[in-house]
Amino acid sequence: MNFQEGEILYIDKPYRFTSFDVVNKIRYTLCRTLKVRKLKVGHAGTLDPMATGVMIVCTGKSTKRIEEFQYQTKEYVATLCLGATTPSYDLEKEIDAYYPTDHITRELVEETLQQFRGTIEQIPPSFSAIKVGGVRAYEMARKGKDIELKPKTLVIDEIELQDYALPYITIRVVCSKGTYIRALARDIGQALQSGAHLTALKRTRVGDVTLDKCLALDEFPQWLAQQEIAQPQTEENQTK
């Protein structure tokens, strides 16, 4: 394997790790193994700290393919808690309001989910990496500032109910780039005339890359030690 020329890694992102945490750990491990000071490493498609699952990490010249991977269809399995909301739409923030759920049935949930199939408009969460005036939205949100984000057009190819056990429901979603599952949870809660927030989120597929093809992050050093790795040939290569 030649990580400087370019390799593509499939990683199962752990809970509470940021996407940058994953990239930094892989870069650190690779630099130590290759005995280089710098190595280009990037990821295709950010996952929230509370989310787990498929993350594509590119090294060297393969980082040029990041945009290609970002545009591929993604699949998620998400668990929502109905009847309560949080400012971040997930467990990052505490519950800020409660809503009725007595009127909600399995049939109502299944019927409501179909409203979100196809091309829809979605307002991104305030707690997101979208830049507003050059500043990340989440930075302003965490300071209590009001943020007005514009709706984005996206496509949900498939959405289905997998489990129903009020106040929790589990759904599977196949969607386009730019879909915020946290925001989808918010909108589903509103469509049910209640509230909702995410309690678990797993990305199970990006394009043809499924979770079973991914390597656990804590297994990466051991896996790397078993690979046949091309070493840098010159000192000039080491400093690039």
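The values are calculated or read from the model by the stated rules, or taken from the named source; none is laboratory data. On a predicted model such as this, the values are computed, not experimentally measured, just so you know. With ideal geometry, Cβ positions are generated from the backbone for all residues, glycine too; neighbour counts draw on all protein chains shown.
What to note about this one:
- Any hit, the stretch 172-181, residues being buried (at least 19 other Cβ atoms within 10 Å of the Cβ), assigned to a loop (DSSP other than H, G, I, E, B) and at pLDDT below 95: yes
- Residues in the stretch 161-171 that are out of contact with any helix residue (DSSP H, G or I) (no Cβ under 7 Å at 6 or more places or on another chain) and either part of a strand (DSSP E or B) or free of Cβ contacts under 8 Å to residues at least 12 places away in the same chain (or both): Q162, D163, A165, Y168, T170.
- Qualifying residue in the stretch 177-188 (condition: more than 19 Å from Q114 (Cβ to Cβ) and touching a helix residue (DSSP H, G or I) at 6+ places or on another chain (Cβ under 7 Å)): yes
- Sole exception among (1) assigned to a helix (DSSP H, G or I); (2) of a type in the set (D, E); (3) surrounded by 16 or more Cβ atoms within 10 Å (Cβ to Cβ) for E92, by number: (1)
- Some residue of the stretch 66-74 being touching an Asp or Glu at 6+ places or on another chain (Cβ under 9 Å) and buried (at least 22 other Cβ atoms within 10 Å of the Cβ): no
- Within the stretch 182-231, considering residues that are assigned to a helix (DSSP H, G or I) and of a type in the set (G, A, S), the one surrounded by the most Cβ atoms within 10 Å (Cβ to Cβ): A185
- Among the residues of the stretch 181-207, just one is among the basic types (K, R) and out of contact with any strand residue (DSSP E or B) (no Cβ under 6 Å at 6 or more places or on another chain), namely R186.
- Within the stretch 101-117, the set of residues being touching a residue at least 60 places away in the same chain (Cβ under 8 Å) and surrounded by 12 or more Cβ atoms within 10 Å (Cβ to Cβ) comprises T101, I104, L108, V109, T112, L113, Q115, F116.
- The one condition from (1) outside any loop (DSSP other than H, G, I, E, B); (2) more than 19 Å from the chain's Cα centre (by Cα); (3) at pLDDT below 95 that Y138 does not meet is (2).
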